[in-house]
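Down below is the structure, laid out as structure tokens.
The values are calculated or read from the model by the stated rules, or taken from the named source; none is laboratory data. Note that the structure is predicted; figures quoted are calculated from it, not measured. With ideal geometry, Cβ positions are generated from the backbone for all residues, glycine too; neighbour counts draw on all protein chains shown. Just the protein is used for accessible areas: all its heavy atoms, side chains included, with ligands, DNA and RNA removed. Shrake-Rupley method; radii C 1.70, N 1.55, O 1.52, S 1.80 Å.
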Amino acid sequence: QVQLVESGGGLVQAGGSLRLSCAASGSIFSINAMGWYRQAPGKQRELVANINSGGRTFYADSVEGRFTISRDNAKNTVDLQMNSLKPEDTAVYHCNAEVMYTRWDRIYSHWGQGTQVTVSS
């Protein structure tokens, strides 16, 4: 069993900042990529940013230059620093981790329960 617990969502005015955190726990041998996705009402879930175990990052065009993803491999945590927030960033943000339970296992994708981010204009 692997659990992902997110924290840090909330309500903020446009131009403000929020920091999301996600901690993975349970039967973990290693984690490949960790990332953040978001889903706004009536829209599909989309990748916001991810980071692999070596620190290589990817950002969606819509957040490039405003959001920064980071992780602590020793603690199995991933953070998303969100600056210059816009109303269109409003969504439920979900943490994702690609987990191997053992050295010989395949990768399993795990999701957090989601945290609401609301940006008012």
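A few remarks follow.
- Test: residue in segment 78-85 that is touching a helix residue (DSSP H, G or I) at 6+ places or on another chain (Cβ under 8 Å) and either without any contact (Cβ under 8 Å) to a residue 12 or more places away in the chain or buried (at least 22 other Cβ atoms within 10 Å of the Cβ) (or both): yes
For (1) under 19 Å from Gln116 (Cβ atoms); (2) open to solvent by 60 Å² or more (accessible area, probe 1.4 Å); (3) aliphatic (A, V, I, L, M), each residue gets a yes or a no:
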{"site": "Gly16", "(1), (2), (3)": "yes, no, no"}
{"site": "Ser21", "(1), (2), (3)": "yes, no, no"}
{"site": "Glu46", "(1), (2), (3)": "yes, yes, no"}
{"site": "Asn52", "(1), (2), (3)": "no, no, no"}
{"site": "Asp61", "(1), (2), (3)": "no, yes, no"}
{"site": "Phe67", "(1), (2), (3)": "yes, no, no"}
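- Answer residue from segment 57-98, given it is basic (Lys, Arg) and within 26 Å of Pro41 (Cβ to Cβ) and is farthest from the chain's Cα centre (by Cα) among those: Lys86
- Just so you know, in segment 86-99 the residues that are open to solvent by less than 40 Å² (accessible area, probe 1.4 Å) and either among the hydrophobic types (A, V, I, L, M, F, W, C) or closer than 15 Å to Ala24 by Cα (or both) include one that is modelled with the lowest pLDDT, and it is Val99.
- Hits in segment 27-44 - residues which are surrounded by 12 or more Cβ atoms within 10 Å (Cβ to Cβ) and closer than 16 Å to Ala74 by Cβ: Ile28, Ser30, Ile31, Asn32, Met34
- Restricting the first member to segment 41-64 and to residues that are more than 24 Å from Ile31 (Cβ to Cβ), and the second to residues that are part of a loop (DSSP other than H, G, I, E, B) and among the β-branched types (Val, Ile, Thr), the beta-carbon pairs closer than 9 Å and six or more apart or on different chains are Pro41/Thr90.
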